[in-house]
Amino acid sequence: GGGAMAEGEGLVSVDYEVFGKVQGVFFRKYTQGEAKRLGLVGWVQNTSHGTVQGQIQGPTARVRELQEWLRKIGSPQSRISRAEFSNEKKITALEHKDFQILK
């Protein structure tokens with residue numbers, strides 16, 4: 001344990017990519033809504049190869065919740081085959097102001 005953060009948990013940043021039927025099913029809109037509900041920041045965008053990718057930042061426990069959501073739930077019409085997470089690191093401050101949908 002290091003410094004005293006609120007409720008003893010620090011902030012993390014993690015990149016994600018979601019595979020399956022995740023384009024054209026409002027996946028980005030729902031991801032943004034879920035992230036905002038959890039108080040997270042970051043971004044989400046469609047890729048040219050049919051996946052959705054982005055970055056999540058916020059308190060560790062909340063980030064874990066969104067990771068679970070990305071892995072199992074997604075938008076109502078989506079069919080997620082898998083979600084991959086990478087570049088996880090502890091951060092001292094959020095690098096985004098809110099959660100954006102990038103074109």
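The numbers here are math on the coordinates, done by the rules we state, and not lab data. Values in this document were obtained by computation on a predicted structure and should not be read as measured data. FYI the Cβ positions are ideal-geometry reconstructions off the backbone, even for glycines, and counts take in every protein chain you see.
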Residue 48 of a type in the set (S, T, N, Q) and out of contact with any strand residue (DSSP E or B) (no Cβ under 8 Å at 6 or more places or on another chain): yes
Residues of region 11-20 satisfying the condition of being surrounded by 19 or more Cβ atoms within 10 Å (Cβ to Cβ) and of a type outside the set (A, V, I, L, M): 13, 16
